[in-house]
Amino acid sequence: MSCIPEGTYEIVTRFSKRFQNHLLVKGVPNRRLILFHPANDALKELEGCIAPVTYLSGIGKGSQSRPMMQKLLSLVSQAQDRKEQILLTIKSQNHEHYRTL
């Protein structure tokens, strides 16, 4: 379950020594520094951030996060060149359970 409340948030590019080029989710209430950065194991490598992966290999695990992050950064860069705003929309999913009689 996401710790980001439902809503639409702006994504901007950011640079740090630790993650180099990465993305920042702006405007999340009561949170700061929610980032998109490479990580293949959510439990070991993330603290509330988001990691793009090529495919999921288990619960909270994926593979080839670095190449996928580079692809995401390239797409964001292209959108920025076109002066487009980059947005992340969070929606909750309500799963209905059906009982067969």
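The values are calculated or read from the model by the stated rules, or taken from the named source; none is laboratory data. This is a predicted model, so every value here is computed, not measured. Backbone-built Cβ (ideal geometry, glycine too); neighbour counts: all protein chains shown.
Listed residues Glu96, Glu84, Glu47; which is at pLDDT 95 or above and assigned to a loop (DSSP other than H, G, I, E, B)? Walk me through it before giving the result.
Working: Glu96 fails: at pLDDT 95 or above; Glu47 fails: at pLDDT 95 or above.
Only one candidate passes the filter, namely Glu84.
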(request) From (1) modelled with pLDDT under 95; (2) in a loop (DSSP other than H, G, I, E, B), pick out the condition that doesn't hold for Leu56. (result) (2)
(message) Between a residue in the stretch 47-61 that is more than 11 Å from Phe36 (Cα to Cα) and any residue that is in a loop (DSSP other than H, G, I, E, B), which pairs come within a Cβ distance under 6 Å, given they are 6 or more apart or on different chains?
(response) Thr54/Gln64
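Which members of the stretch 30-41 meet the condition of being surrounded by fewer than 17 Cβ atoms within 10 Å (Cβ to Cβ) and aliphatic (A, V, I, L, M)? Walk me through how you get there before you give the answer.
Initially, the stretch 30-41 is screened for residues surrounded by fewer than 17 Cβ atoms within 10 Å (Cβ to Cβ), giving 30-33, 41.
Of everything in the stretch 30-41, just one residue is surrounded by fewer than 17 Cβ atoms within 10 Å (Cβ to Cβ) and aliphatic (A, V, I, L, M), namely Leu33.
Return the residues of the stretch 20-36 that are on the phi < 0 side of the Ramachandran plot and either free of Cβ contacts under 8 Å to residues at least 24 places away in the same chain or in a strand (DSSP E or B) (or both); say none if nothing qualifies.
From the stretch 20-36, those on the phi < 0 side of the Ramachandran plot are 21-26, 28-29, 31-32, 34-36; that's our starting set.
Listed by number, the residues that qualify are Asn21, His22, Leu23, Leu24, Val25, Lys26, Arg32, Ile34, Leu35, Phe36.
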(request) All but one of (1) without any contact (Cβ under 8 Å) to a residue 24 or more places away in the chain; (2) touching a strand residue (DSSP E or B) at 6+ places or on another chain (Cβ under 8 Å) hold for Lys17, so report the exception by its number. (result) (2)
(request) Restricting attention to the stretch 2-42, report how many residues are in contact with a Phe, Trp or Tyr (Cβ under 7 Å, 6 or more places away or on another chain) and closer than 27 Å to Ser57 by Cβ. (result) 6
